Amino acid sequence: MHMLHNQKGFLWKDKAKLVLLACLFVFIGCHNQEKKQNKKELEVNNKEETGEVEKKDISSILVDNYAIGGMVTNKDSLIVAYYANTEDVETLAFLRDYDINTYALNKEVTIDKYTSTTKLVSYSNYFYIDDGTPGLKCYDYDLNLLNKVDVGTLNCLTIISNPTLTKVAYIKKDINNSRILYVCENSIDLNNEKIILTINQTLPKQILSIKEIFYSSDGKKLGFIGDSFLSLDLNSESKTIYGTIDLENNSSDFKYRENIDVASCNGKMLVHYRDGYQSENSKKDNTVIVDLNTSTENIFSTNMSNENLEFFMCGENCFVEVGYDLNNSKDSYILKFGIDQKLYDIDISQIQIEDGAARFKGVYRSDKDSLILYYQTYNEIEHKLSQSIKEVKIGHEN
């Protein structure tokens, strides 16, 4: 019995040792795992503090079943607007804020709607959505809603906000006579309307109508595109015009130019021949950048075949065109980039645009001297829509 008791004691001591060793191994394992986790968190925190966050490929911002409808940037953010290109989704449209350097997603907000014709209009501290309706939604670059302006009761045709988000300008119809238009400026709360110009052409070479308006960067002028009759004869046709409106002295100045489109960014207005317009001189001195502050113009001749122009974009002090070279017999895409009275070719091999590409969107990064270009292609054989996005360095000067 004594020997059995001693044997049991030895067995108990052996078991105790085994349990103690097992606990020790678990403790060491947990401690090492904790050290690894702490080290990992420290590395992440150090990377965040030093800005060494893992950079994603720019293609990571593409979203299945959604097309990119617009992009704007500031020093920290790339804002992208998405709209559904299929019915098999719950959300029709949304905005995303990406880190401009890493393409990491910072924030997403749902918006009511967005289409291929909707515009994002950007200033240094905010941007707004222009969807063609009589209202504006203004956001900062962290996607916080700053202001919502609704002029639905004012019989407006178009509305814009100024660079400091203190005023809006709009075109509205006369309630009793739809042929009479008013160019108005108002406070952001719509409590201080001022009629700048009354549009009612009764003599040749006056303004007949204004379709779009754009603020100068100092907020003292508007750029515009519209129409005018050179003659008031019964068989005469209206001609396209573009010009400026001085908001301080209520005066206007304009030029005639047929078959043009316009775009604007941060006080610069791009005047451009409309896609499909053809003539012997259709691309001679075709692109004009107007500084709305001073009304000075830079004129560029890109020599691009206008009937095959796919996309044009106006940046803060630049423009981009995507299309076919007028002197090139091959149907190969070229890109032209104009800035500060200089014209550049963009190396198309960096992008590899497929035939049949459409719905180009782009934004220029002046800090990196690069173009972010998005485009869609459609495969008729497979009946498949695909999309691509590239960041391209600007090429050599022509």
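The values are calculated or read from the model by the stated rules, or taken from the named source; none is laboratory data. Predicted model only: the values in this text are computed from it and were never measured. Because the Cβ atoms are built from the backbone with ideal geometry, glycine has one as well, and the counts that use them run over all protein chains shown. Note: accessible area is taken over every heavy atom of the protein model, side chains too, but ligands, DNA and RNA are not part of it. Shrake-Rupley method; radii C 1.70, N 1.55, O 1.52, S 1.80 Å.
Residue-wise test of (1) surrounded by 15 or more Cβ atoms within 10 Å (Cβ to Cβ); (2) at pLDDT below 80.
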{"residue": "D261", "(1), (2)": "yes, no"}
{"residue": "S264", "(1), (2)": "yes, no"}
{"residue": "N281", "(1), (2)": "no, yes"}
{"residue": "N286", "(1), (2)": "yes, yes"}
{"residue": "E310", "(1), (2)": "yes, yes"}
(request) With respect to N192, determine if the residue is outside any loop (DSSP other than H, G, I, E, B) and under 21 Å from N249 (Cα atoms). (result) no
(request) Consider V151 carefully, then state whether it is open to solvent by less than 10 Å² (accessible area, probe 1.4 Å) and within 20 Å of I196 (Cβ to Cβ). (result) yes
(request) Select from the stretch 168-178 the residues that are open to solvent by 10 Å² or more (accessible area, probe 1.4 Å) and among the hydrophobic types (A, V, I, L, M, F, W, C) and list them in ascending order. (result) I175
(request) Residues being outside any strand (DSSP E or B) and either open to solvent by 80 Å² or more (accessible area, probe 1.4 Å) or of a type in the set (F, W, Y) (or both): count how many of those fall in the stretch 195-206. (result) 3
(request) Kindly provide the set of residues from the stretch 243-257 that are surrounded by fewer than 16 Cβ atoms within 10 Å (Cβ to Cβ) and touching a residue at least 40 places away in the same chain (Cβ under 8 Å), ordered by number. (result) N250, D253
(request) Being open to solvent by 80 Å² or more (accessible area, probe 1.4 Å), of a type in the set (D, E, K, R) and at negative phi narrows it down to one of K221, K211, so name that one. (result) K211
(request) Please give the strands (runs of 3 or more DSSP E) falling wholly within the stretch 84-169 in which 1 or more residues are modelled with pLDDT under 90. (result) 119-122, 127-130, 135-139, 145-150, 156-161
(request) Go over the candidates L165, L145, L181 one by one and state the one that is open to solvent by 70 Å² or more (accessible area, probe 1.4 Å) and without any contact (Cβ under 8 Å) to a residue 60 or more places away in the chain. (result) L145
